[in-house]
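None of the figures in this text is laboratory data; all of them are computed from the coordinates on show. What you see is a predicted model; the values in this text were computed from it and never measured. So basically every Cβ, Gly included, is an ideal-geometry build from the backbone, and we count neighbours across all protein chains shown.
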Amino acid sequence: MNSLWQFKIRHVFSLTIICLSFVIVGVFLSMSNNLRFRARELSKNLRVVFYLHKDLTASERGLIDDEIRHSPLVDSVRAVGPEEASEKFIEDFPELKDILLNLNINPFPPSIEASLKDPGLPTEKIIQFIAEVKKNSGVEDVQFNREWAEKIRSLGRLTEAIGFFLGGILVLASFFIVSNVIKLNVLARKSEIEILRLVGATNTFIRIPFLLEGVILGVAGSCLSLFVVFFLIKLFPLYLGSSLGALQEIVGFRYLTQTQVLALIFGGGCVGFLGSLSSLARFLRM
Amino acid sequence: MIELYHVWKQYQKPLWALSDVNLSVTRGEFCFITGPSGSGKSTLLKAIYREVIPTEGQIIISGINIQRIPDHKICAIRRQMGIVFQDFRLLFHKRVFDNVSIALRVLGAPPRDMKRKTFIALRMVNLQQRLWDYPSQLSYGEQQRVAIARAIVNNPRILLADEPTGNLDPDLAHEIFGLFRVINKQGTTVIICTHDKELIRRFGGRVLYLHEGKLHEKDVG
């Protein structure tokens, strides 16, 4: 353990690289967590919005309303007029209020929001129901939030994949850095190793301190990265302010789960251990 | 104890560092290997502690053919040996105690046992007062005595010394050889490589002469 202090500059360097690599993985994981959370929230409140033609008469609207209401899949139905839709939009996106007011017309069509009974309903069944309703010429468009949930979920998966790809490259780089740092340590302690071999030390006895050094570097680097990710999650919303409005819900961070934290620490340990092991295998042949 | 049968060693063609060396050293023997520089003395010692592997021939240590045992079992053979070098090979960033106890540390000796045995070894070489000094604070003679203490701390059956007095003045060399004699009297087989004929004459014992890789028994009288 003395060597960790003895060669502190090179160890600080490798610690920084390991930390940065895991920060990248951690940041993307936390973004992906947020997207998955949003998708889950969206899925919980399962509803279909049917947008109607503006020029429909009240009786035509009533017919569509009845058709939707009597479907066995539907729990409740709520009719939303253009004015209510406009007010809701201004409430959700206050920064876009001026654009809407400058239009001088209300672009929102009347709509019927149907809340579905069972959130676990298969998507195919719902799509079949939507298609039935859509046959009605008064229905202009349909918005089904599960599709959005799926899209957000896919975005979450994509974010995670980008994180693992970028992080993976950096983790690989840290693997080589740990490997080289340990190689330098082996070189620096060449005479000690030689004496140990001559007095009958086993290979394991000689290798264990180097492997421990690698593991300590890896675990310390990944732990440090968790602190950095924690502070990023804390500080990022402060930095952004409310400039992104509702979009901020999507472009946000969520704390890593316990499993993810443990996986990152374990990953750090593995990077250190394997980096060290590869160096010893190549450089400390007995 | 140590048997060599038709041992040949070639580092590069056409020169042979060892040429058909046959040797048998019995338990408790005190033995010198002498010869001019480059005659193969160090190679012979290295072959005995398997730092080099002979090109041909067999080396038997305590009944074990060390050519045939796998690399990872060499440590068991080396634990029976103590090795002393001309350049001492001490760890200058470690204290005398750590330098000596390293041989016990690899055996996994308990700390108490380690302290006791290290102290006994250092007392034997008369350095018990310098336990916590660094090697750089010691004279050459004292440094070599630390190296000897390290070699004997785990009571080895065999002590190998490669030009142990090469860097020391005659008085110190005499003192060091005296130590080897004491260690030998306790039952340890001692093999010393040296070209110091005067010391060989003074201390006596079996003398083997190496010349161009060939070993001859020699009568030094």
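Observations, loosely collected:
- Electrostatic dipole magnitude of the protein assembly as shown [Cβ: Lys, Arg +1; Asp, Glu -1; Cα centre; debye, to 20]: 3060
- For region B:111-221, the share of alpha carbon pairs falling in successive 10 Å distance bins from zero is 13, 43, 31, 11, 2 percent.
- A cut-off under 14 angstrom between Cβ atoms defines the neighbours of A:LEU217, and their net charge, with Lys, Arg +1 and Asp, Glu -1, is +2.
- Between helix B:170-185 and chain B: long-axis angle, C-alpha atoms, 0 to 90°, nearest 10: 80
- From the Kirkwood radius over Cα pairs of chain B, Stokes-Einstein at 25 °C and 0.890 mPa s returns a whole-number translational diffusion coefficient of 138 µm²/s.
- Taken residue by residue and averaged, Cβ atoms of other chains lying within 10 Å of the Cβ of B:73-85 number 3.
- Rounded to the nearest 20 debye, dipole of region A:47-118 from Cβ charges on Lys, Arg, Asp, Glu: 120
- The mean count of C-beta atoms from other chains within 10 Å of the C-beta of residues in A:199-212, rounded to a whole number, is 4.
- Calculated over region A:1-139, the projected area of the Cα convex hull averaged across directions stands at 14.7 nm².
- The percentage of C-alpha pairs in region A:108-236 whose separation is greater than 23 Å is 64%.
- Selection of chymotrypsin sites (Phe, Trp or Tyr not before Pro), region B:73-126, meeting DSSP coil and at most 12 other Cβ within 10 Å: B:PHE92
- Percent of Cα pairs in chain A per distance bin of 10 Å, from zero to the largest separation: 6, 20, 20, 16, 13, 10, 8, 5, 2, 0.
- 30 Å Cα-Cα reach of A:LYS97 towards lysines, excluding residues that sit fewer than 8 places from it in its own chain: A:LYS44, A:LYS54, A:LYS88, A:LYS151, A:LYS234
- Helix axis angle, B:140-152 relative to chain B longest principal axis, alpha carbon, degrees: 80
- Label zone at A:PHE230 (point 7 Å along Cα-to-Cβ), backbone N below 18 Å, region A:257-276: A:257-269
- Binning the alpha carbon pair distances of region A:47-118 at 10 angstrom intervals from zero yields the distribution 19, 43, 27, 11, 0, expressed in whole percent.
- Relative to the longest principal axis of the Cα atoms of chain B, helix B:111-124 runs at roughly 70 degrees.
- Cα gyration tensor, region B:1-79 - rounded (a/c under 1.5), prolate or oblate: oblate
- Evaluated at q = 0.16 Å⁻¹, the base-10 log of the normalised Debye intensity for region A:90-181, with identical point scatterers placed on the Cα atoms, takes the values -0.93.
- A DSSP coil position with no more than 12 other Cβ atoms inside 10 Å describes the following trypsin sites (Lys or Arg not before Pro) in region A:50-123: A:LYS54.
- Coordinate range along principal axes, alpha carbons of the protein assembly as shown, Å, largest first: 133, 44, 41
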